[in-house]
Amino acid sequence: MRWLLFISILIGALATVEDLYRRRISNRTSIAAFAMGLAAQTALHGLKGAGNALAGTFIGFVVFLIFFLLGGMGAGDIKLMAGFGAVVGAGQILMAALLTAIAGGLLAMSYLLARKLRRKPQNDAAGPEAIPYAPAITLGVLLSFAAR
């Protein structure tokens, strides 16, 4: 379990930095999460671990695909959650997704409150400003280890 937590911290930190500074999560980061998760799960639990990693990837992808199709999330967020699904596995990814949704809601409210306090008007011509979601995904995944 320590290896899975270490991988989650590493990938989460990388994805968060990318999302905060570039406003996107690279495919390399998501692929690294998937590859490291699959390798770690397989090393820890053999073929059963590999199956768990693949099922976690599928579940993580499908859960966030719904939000992507509704326009509330970017493709990088879905791929990151799928990658984290390989790391934490099928049994933990739904808890991670729930905790991510809670963390994302709290971060969004904080962002909107800070924006209102600064009295920065939104430029409607540019459309709504995207809120980076990798920090919420990372926080949700890390909290899911405590909820195990």
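Remark: A82 falls outside the filter, which requires a residue to be more than 19 Å from M1 (Cα to Cα), buried (at least 20 other Cβ atoms within 10 Å of the Cβ) and touching a residue at least 24 places away in the same chain (Cβ under 8 Å). Considering only residues in segment 14-59 that are part of a helix (DSSP H, G or I) and basic (K, R), the one that is modelled with the lowest pLDDT turns out to be R22. Looking only at residues that are farther than 20 Å from R23 by Cβ and either of a type in the set (D, E, K, R) or buried (at least 17 other Cβ atoms within 10 Å of the Cβ) (or both) in segment 60-70, which one is modelled with the lowest pLDDT? My answer is V63.
Got a sec? Which of T42, T16 is over 16 Å from the mean Cα position of the chain (by Cα) and among the hydroxyl-bearing types (S, T, Y)?
Values: T16 fails: over 16 Å from the mean Cα position of the chain (by Cα).
Selected residue: T42, the only one of T42, T16 that is over 16 Å from the mean Cα position of the chain (by Cα) and among the hydroxyl-bearing types (S, T, Y).
If you check M73, M81, which single one turns out to be within 16 Å of the chain's Cα centre (by Cα), of a type outside the set (K, R), closer than 18 Å to E18 by Cα and assigned to a loop (DSSP other than H, G, I, E, B)? Show your work before the answer.
On the way: M81 fails: assigned to a loop (DSSP other than H, G, I, E, B).
When all the criteria are applied, what remains is M73.
Pairing residues of segment 59-76 that are within 16 Å of A15 (Cα to Cα) with residues that are of a type in the set (S, T, N, Q) and not in a helix (DSSP H, G or I), at Cβ distances under 9 Å and at least 6 apart in sequence or on separate chains, gives G76/S26.
The values are calculated or read from the model by the stated rules, or taken from the named source; none is laboratory data. Predicted, not measured: the structure shown is a model, and the values here were computed from it. Backbone-built Cβ (ideal geometry, glycine too); neighbour counts: all protein chains shown.
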